[in-house]
Amino acid sequence: MERRAACLEHWGSDYRIRQQVKAGRLYRVERGIYAEEPSVPELVVLAVKYPKAIFTMGTAFYPGAQSTPSESALCVRRG
C-alpha cells in the first residue's frame with residue numbers, strides 16, 4: 001500500500017497512476033492511498049492514513065490477524 005506521493009515517484013504522473021488503476025494493476029483504496037491488491041485490511045489503511053497514530057486498547061492486538069475489530073481505537077497527538 002502506498003500514498004499518492006510514493007506512487008508519483010514510482011509512476012511519474014497522476015495520468016500514469018490512473019492508467020494503472022484502469023488496467024487493474026493498482027487499486028484506489030481511498031483518496032490518495034493506493035494498493036497493489038484489491039482487498040486491504042482496514043487497520044492497514046488506518047496505519048497508512050495516520051502514520052503517527054498509535055493503535056490502543058483491543059485494536060493493538062489485531063495487526064496481522066485475519067479478523068478485525070468492529071471499532072478501532074487510535075491515539076493521536078493534537079496540535
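Every number here is computed from the coordinates shown, using simple stated rules; none is lab data. If you're wondering where the values come from, they're calculated on a predicted model, not measured in any experiment. With ideal geometry, Cβ positions are generated from the backbone for all residues, glycine too; neighbour counts draw on all protein chains shown.
By how many nm would the segment from His10 to Thr56 lengthen if fully extended, with 0.36 nm per residue of separation less the alpha-carbon distance?
Stretched fully, the His10-Thr56 segment lengthens by 13.3 nm.
Give a quick list of GluC sites (Glu not before Pro) in the stretch 8-42 that DSSP marks as loop, anything other than H, G, I, E or B, with at most 13 other Cβ atoms within 10 Å.
Of the GluC sites (Glu not before Pro), the ones in loops of the stretch 8-42 whose Cβ has at most 13 other Cβ atoms within 10 Å are Glu36.
Taking 0.36 nm per intervening residue step and subtracting the Cα-Cα distance, what contour gain separates Gln19 from Ser39 on full extension?
Stretched fully, the Gln19-Ser39 segment lengthens by 5.3 nm.
Check Ala73: other-chain or 5+ apart residues with amide H under 5 Å from its amide H, H built from backbone geometry?
Thr56, Thr59
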